[in-house]
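The numbers here are math on the coordinates, done by the rules we state, and not lab data. All values derive from a computational prediction rather than experimental measurement. Don't worry about glycine lacking a Cβ; one is built from the backbone with ideal geometry, like all the others, and counts go over all protein chains shown.
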Amino acid sequence: MSDLSIVLAGGSGFLGSHLRTALRERGHRVVSLVRGDASSATGADESRWDPYTGEVDHTLVRTADVVINLAGSPTLGNPHSKRWARELERSRVTTTRLLAESIAAAERPPAFLAGNGISYYGDHGDAVLTEVSDTRGHALLTRVTRVWQAAADPAVAAGARVAVLRTAPVMDGRAAPLKQQLLQFRLGLGGRLGNGRQYMPMISLRDWVGGVVHLTEGTTSGPVNLCLPTAPTNAEFTRALASAVRRPAFLPAPAPVLKVAAGAMAPELLGSLNVRPAALLDAGYEFLDADVDALITTALAARG
């Protein structure tokens, strides 16, 4: 499918910039929503918006074929800061709700790909999770993903095709979280987190982009897990990364230390999410990096 009209929020970020390029290479017309003063929108491929004041070109949104929202404040921050936690939620809910409400008012609502996170499920131990699994617990990111998803409800109620992008950490040597881990492991300071038995969903950059392009051009609706077909445990990931950089990984981080140091983000390091991308596979997507070893090989090759 080519020549779709796409509105993209969050297109200036690491994921958004790669997605924008891929969509344009496939012949789609992409307009990025940008924040800032009146001069921020520099051409026909940009449109100014301010989600906190409700400013957006509603005609642009309502006449698009697909609207994609990746906007939100950085996930990396001070895990002990209440202000950071509030902005983490506010930025995601505010942008999603504004776009969903604009879509809902359209005569023919465009499709909506609403960004979200794999933390939605919460710690489930070894249980295999798919898009129909429940959400548990009250960890910070789990709570945020719930209200983040609910912010898209106006578009769902209006009959739009809404796909919720439950994104796992995207591993690429040029960006967090892998960039910091690579430095640590290359110095021989790597090791498992806690007992290492917790499952860690993740995905390569090229499969994240490929998966979202596939969803943009397809008909899938509802939650979609963007993650490896089989999640590695933390110990498996640690061994694979250490082997790839040819360094030992003998310095485990004890769970009690992580709970203090990581604060509200500790459940993301110690919780177990054995997630499968059932909806994406059912939609016919074929992974380029189907396991942790392939993912790390691709991620390291992308450095620079």
Exercise. Provide the FRET efficiency to the nearest 0.05 for the Asp50-Gln180 pair, computing r from the beta carbons and using R0 = 30 Å.
Key: 0.40
Quiz item: Quick one: Phe287, Phe237, fewest Cβ neighbours within 10 Å first, how do they rank?
Solution: Phe287, Phe237
Practice problem: For the chain, with a Gaussian network of springs between Cα atoms less than 10 Å apart, report the residue from Lys82, Lys259, Lys179 with the top mean-square fluctuation. | Solution: Lys82
Self-check item: At q = 0.13, 0.14 Å⁻¹, base-10 log of I(q)/I(0) for the chain (Debye sum, equal scatterers on each alpha carbon)
Solution: -0.92, -1.06
Quiz item: Which ordering of His80, His138, His58 is given by a fewest-first count of other beta-carbon atoms within 10 Å?
Solution: His138, His80, His58
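For the stretch 31-90, run through the chymotrypsin sites (Phe, Trp or Tyr not before Pro) and keep only the ones in DSSP coil with at most 16 other Cβ atoms within 10 Å of their Cβ.
Tyr52
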Quiz item: Stretch Arg136-Arg29 to full length: gain in nm at 0.36 nm per residue minus the Cα-Cα span?
Solution: 34.6 nm
Quiz item: Under the definition of Cα pairs under 8 Å and six or more residues apart, what whole-number percent is the relative contact order of the stretch 75-210?
Solution: 27
Exercise. Compute the Rg/Rh shape ratio of the stretch 49-105: radius of gyration over Kirkwood radius, all on alpha-carbon atoms.
Key: 1.07
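Over the Cα atoms of the stretch 84-239, what is the Rg over Rh ratio if Rh follows Kirkwood? Write down the numbers at each step before the final one.
Details: Rg = 17.1 Å, Rh = 17.0 Å.
Using only Cα positions, Rg/Rh for the stretch 84-239 is 1.01.
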Quiz item: Top mean-square fluctuation among Leu182, Leu76, Leu140, Gaussian network model of the chain, C-alpha springs under 10 Å?
Solution: Leu76
Self-check item: Sum of -39500 (n - 2.57) over DSSP H runs of 4+, divided by residues of the chain (222 nm, nearest 500)
Solution: -11500 deg cm²/dmol
Quiz item: In whole percent, what relative contact order does the chain give with Cα contacts below 8 Å and a gap of six or more residues?
Solution: 19
Practice problem: For the stretch 71-183, build the charge dipole from Cβ charges (+1 Lys, Arg; -1 Asp, Glu) around the Cα centre, then report which of Ala151, Ser119, Gly173 sits farthest towards its positive end. | Solution: Gly173
